[in-house]
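The values are calculated or read from the model by the stated rules, or taken from the named source; none is laboratory data. Small disclaimer: the values here were computed from a predicted structure and weren't measured. No Cβ is skipped: glycine too gets one built from the backbone with ideal geometry, and neighbour counts run over all protein chains shown. Note: accessible area is taken over every heavy atom of the protein model, side chains too, but ligands, DNA and RNA are not part of it. Shrake-Rupley method; radii C 1.70, N 1.55, O 1.52, S 1.80 Å.
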Amino acid sequence: KLTKKEIETGNKILSKINIDSKKIICIGIRDSSYLKKKYNNQDFSYHDHRNDEVEKYISGIKFLLNRGYTVLRMGSVTNKKLKIRHKNFLDYSNSKIKSDFMDVYISYVCKLFISNNTGLDALAVIFRKPILHIGSLPFGAISTFSDRYYNTMSNYYSYSKKRFLNLTEIFNSNIQYLWRKKDFEKKKIKIILPNKKEILKYCAETILILEKSKRKKNHIVLEEKFKNLYSRYVKKYPDGNKQYHNIIKTKILFTFLTFNPHFLK
């Protein structure tokens, strides 16, 4: 937890730019800028398949704003400014209030952290905040240990089969724990991240759950079908001596499974 003085300091900084700390949603979308700036001479192209275009998230952000939330785009450095004109939106990554302290404080007070597997979302983990994971990777090592997590995964497109692989094929092909770009290329697999329509639906469903809307029975049934299949395969194919999962507590979004029914096979 933060101290009372730290909370007062963070509130004061936000109030100076007319931001209410009570309904903040953080969104952190990884791109190539951070690693390029921090490690200028190193080649990090093996991470390229994990980077995403922040513009794909605009519809989702606008939905959240219309729902009455304040949205802060997080990040130490970013490739592009996010040009959204709304009194409750702040591109914090390009703002004057950005600091290590505010990274921590904002993550502490936020109601939800939306992330495509960035390092900064570890703060949300520490503070036990709800996290919407967009396009989680690797497929076999998604975060499943908390019911505060809302998971969606990336697709594995097979050049040889000319289609997305289903869950069984991913595990039977022993590619569920791969994460470097060159490893996927050797297997003739391309990672396909969620599109803007999917992202909007994922944001909307997560908010409805957080606002205590009752989940429909068919949503839960579909989720349990995925969890049972996933649990069976991660136990059958552990990553060496590593066991990533025990009880799978995460929520698997209904919209994700309806967009991607092949993950139920």
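Over the stretch 117-265, give the accessible area per residue in Å² for a 1.4 Å probe, as an integer.
Per residue, the stretch 117-265 has 52 Å² of solvent-accessible surface.
For the stretch 167-265, give the magnitude of the charge dipole about the Cα centre (Cβ charges: +1 Lys/Arg, -1 Asp/Glu; no others), in debye to the nearest 20.
Roughly 40 debye, rounded to the nearest 20.
Got a number for carbon plus sulfur as a percent of the chain's accessible area, 1.4 Å probe?
Answer for the chain is 50 percent, counting heavy atoms of protein chains only.
What nm value, rounded to one decimal, do you get for the distance between Lys182 and Asp100 when each label is placed 7 Å out toward the C-beta?
3.3 nm
Measure up Lys1/Lys249; Lys23/Lys201; Lys62/Lys196; Lys23/Lys111; Lys227/Lys265 against 18 Å on the Cα-Cα distance and list the ones that go over.
In this structure, Lys1/Lys249; Lys23/Lys201 lie more than 18 Å apart at Cα.
Could you check which residue among Ile189, Ile17, Ile220 shows the biggest mean-square fluctuation in a GNM of the chain with a 10 Å Cα cutoff?
Ile17
Which peptide among 118-126, 194-202 comes first, and what is the full order, when sorted by highest mean count of other Cβ atoms within 10 Å?
Put in order of decreasing packing, that is 194-202, 118-126.
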